[in-house]
Amino acid sequence: MSRSQVTLPRSLSLVDGLAILIGITIGAGIYSTPQIIAGYLSSFNQIIILWVAVGFFVFLGGLIYAELGTRFPHTGGEYVYLYKAFGPLVGFLFGWAQLFIIRTSPAAGLAIVTADYLGYFIPLSPIAHRTVAVSVILILGLLNIIGLKWASAFQKLTTFFKVSGLLIFVIGGLVLSRGLESGLTQKMEPVIPLNMKTRIIAALMMVFFAHTGFERLGYSAGEMRNPRRTIPLSLFFGISLIVAIYCLINYIYHLTLGMEGVRGNTIVASAVAVRLAGPVGASFVALLVILSATGSINGTMMTATRVYYAMARDGLFLDWLNYVHPRFRTPSRAVMAHCLWALAILFLRSRFEVIAAGMVFGILVFLAMSTIALIKFRITGVGEKGGYRVPLFPFFPVLYLSGLLVFIIFRSIFEWRRTLIDLVFMVSGLPIYFLWKFYKKRISN
């Protein structure tokens, strides 16, 4: 079978869609952000209101991506929407940012988190720690190359144990905390020296960071048996479950430790587990974080690599990436490129906080552009008909877009240096795009 005849198989079901969505979204955010958020605010009531509000906001985003996914149920997701709405330049810049910062950064960062928590069970030297992080990326890359069924099976397995573990954590917290003094009513002055509006925006950004991932589901639309059913249902049920779990986990954190305890622990989930169940509880949480991190890395490999493949298929990127393995029927070269750049980030940046910071701004920008694309598609009637449609149009898309713009503007004002660096990196693809166009034009003449 020639390369042009080999296609990606349509084998992903609704269960797979839910596993991808939940597996990507529940990564390290729920373990690494609550203690930071507690420093910006003064009470649990303020914190839980923000988690509920962001949960509703993310659900609105799910509605928008459900319509986009059913209008264009093709491999590539956001890349396809932006290409159709704004042309090849924007499509290229999106794919450029995906490969070189937005989607490969989490792979590097979460590989470090996996090695950190494996160190709870096995003492690791610095060299061994780095080796584990590298091995995680390579092993999951191999899994994604040898077949979608293997990557999908791993995704479903880790998501099942991840969700089950978090529910056990919540139920165990409710049962074992009986008799302990509740920390829910504890109030403290914020420790971050900023005005109230700035603190709330900063906290919202951290809460939103914990929810990122839902937008990637459509990247694998071309491998779904029935994307027009799988995408909307996975988004609705998956986001609802994630929001409920996140609110319950925060409830347990503050019930057990209070504001002071949450602020005072960099690994708050482990602190809760140790207080309630001793070393056994800490081991349970360490295993849960490893499952969450590796599941998120794997889910991103299953989705983001399809963007690079779709770009190459459309002639916007190296033709070498326009390749489906004849035996495994996976975009094997796109997976290899994803892994190699993730390893480069791992060695160049090396700290999780630095790595994670580089992806947030780009995600916000492209979420906003995808929302504008939906508004354009609805007005012009572009895309397949008869699929899911966002209710109360244009109110919900405009409300979601307004929220995204608030995030982008405030982040640009109060973290302007980091924003400038992110912008420079995103537009660094411009000369590459024009050089590529010149090269393609030259070889075609």
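Determine if the range 76-97 includes at least one residue that is over 18 Å from residue 368 (Cα atoms), crowded, with 21+ Cβ neighbours inside 10 Å and not aliphatic (A, V, I, L, M).
Scanning the range 76-97 turns up no residue that is over 18 Å from residue 368 (Cα atoms), crowded, with 21+ Cβ neighbours inside 10 Å and not aliphatic (A, V, I, L, M).
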Go through the residues of the range 34-45 one by one and say whether even a single one is within 27 Å of residue 151 (Cβ to Cβ), of a type outside the set (Lys, Arg) and assigned to a loop (DSSP other than H, G, I, E, B). no
Would you point out which residue out of 368, 312 is assigned to a helix (DSSP H, G or I) and modelled with pLDDT under 95? 312
Tally, over the range 62-89, of residues that are under 14 Å from residue 308 (Cα atoms) and either out of contact with any Gly (no Cβ under 6 Å at 6 or more places or on another chain) or among the small types (Gly, Ala, Ser) (or both): 5
Counted residues, the range 407-420 - those being surrounded by 13 or more Cβ atoms within 10 Å (Cβ to Cβ) and in a helix (DSSP H, G or I): 8
From the list 283, 220, 234, 292, exactly one residue is part of a helix (DSSP H, G or I), more than 23 Å from residue 50 (Cβ to Cβ) and in contact with a Lys or Arg (Cβ under 7 Å, 6 or more places away or on another chain). Which is it? 220
Among the numbered criteria (1) touching a helix residue (DSSP H, G or I) at 6+ places or on another chain (Cβ under 7 Å); (2) at positive phi, which single criterion is violated by residue 278? (1)
The listed residue being crowded, with 16+ Cβ neighbours inside 10 Å, farther than 23 Å from residue 255 by Cβ and of a type outside the set (Ser, Thr, Tyr), out of 153, 202: 202
Failed item in (1) in a helix (DSSP H, G or I); (2) among the hydroxyl-bearing types (Ser, Thr, Tyr); (3) out of contact with any Ser or Thr (no Cβ under 9 Å at 6 or more places or on another chain), with residue 7 passing the rest: (1)
Within the set of pairs 6 or more residues apart or between chains, which connect a residue that is closer than 14 Å to residue 204 by Cα and without any contact (Cβ under 8 Å) to a residue 60 or more places away in the chain inside the range 396-416 to a residue that is surrounded by 14 or more Cβ atoms within 10 Å (Cβ to Cβ) and not hydrophobic (A, V, I, L, M, F, W, C) with Cβ atoms less than 7 Å apart? 404/371
Inspect the range 179-195 for any residue being surrounded by fewer than 21 Cβ atoms within 10 Å (Cβ to Cβ) and part of a helix (DSSP H, G or I) and give the result as yes or no. no
I'm trying to understand the selection: among the residues of the range 257-268, which are under 12 Å from residue 34 (Cβ atoms) and at pLDDT 90 or above? 257, 259, 261, 262, 263
Could you go through the range 43-62 and let me know if any residue there is of a type in the set (S, T, N, Q), in contact with an Asp or Glu (Cβ under 9 Å, 6 or more places away or on another chain) and either surrounded by 18 or more Cβ atoms within 10 Å (Cβ to Cβ) or in contact (Cβ under 8 Å) with a residue 40 or more places away in the chain (or both). no
Among (1) under 12 Å from residue 17 (Cα atoms); (2) surrounded by fewer than 23 Cβ atoms within 10 Å (Cβ to Cβ), residue 216 falls short only on (2)
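Let's see how each residue does on (1) touching a helix residue (DSSP H, G or I) at 6+ places or on another chain (Cβ under 6 Å); (2) of a type in the set (Gly, Ala, Ser):
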{"residue": "94", "(1), (2)": "yes, no"}
{"residue": "108", "(1), (2)": "yes, yes"}
{"residue": "120", "(1), (2)": "yes, no"}
{"residue": "127", "(1), (2)": "no, no"}
{"residue": "133", "(1), (2)": "yes, yes"}
{"residue": "139", "(1), (2)": "no, no"}
{"residue": "142", "(1), (2)": "no, no"}
{"residue": "160", "(1), (2)": "no, no"}
{"residue": "175", "(1), (2)": "no, no"}
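Going by the conditions given, is residue 153 in a helix (DSSP H, G or I) and touching a Phe, Trp or Tyr at 6+ places or on another chain (Cβ under 7 Å)? Even if it seems obvious, please write down each step before you answer.
Numbers: in a helix (DSSP H, G or I): yes; touching a Phe, Trp or Tyr at 6+ places or on another chain (Cβ under 7 Å): no.
In short, no.
So if I check each of 175, 207, which one is more than 23 Å from residue 55 (Cβ to Cβ) and either in contact (Cβ under 8 Å) with a residue 12 or more places away in the chain or assigned to a helix (DSSP H, G or I) (or both)?
Matching residue, one of 175, 207: 175.
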Condition first: touching an Asp or Glu at 6+ places or on another chain (Cβ under 8 Å) and assigned to a helix (DSSP H, G or I). Now tell me which residues in the range 69-98 satisfy that. 70, 71, 78, 83, 88, 91, 94
Yes/no for residue 262 being in contact with a His (Cβ under 7 Å, 6 or more places away or on another chain), part of a helix (DSSP H, G or I) and either within 30 Å of residue 171 (Cβ to Cβ) or of a type in the set (S, T, N, Q) (or both): yes
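The values are calculated or read from the model by the stated rules, or taken from the named source; none is laboratory data. The structure displayed is predicted, hence computed values, not measured ones. So basically every Cβ, Gly included, is an ideal-geometry build from the backbone, and we count neighbours across all protein chains shown.
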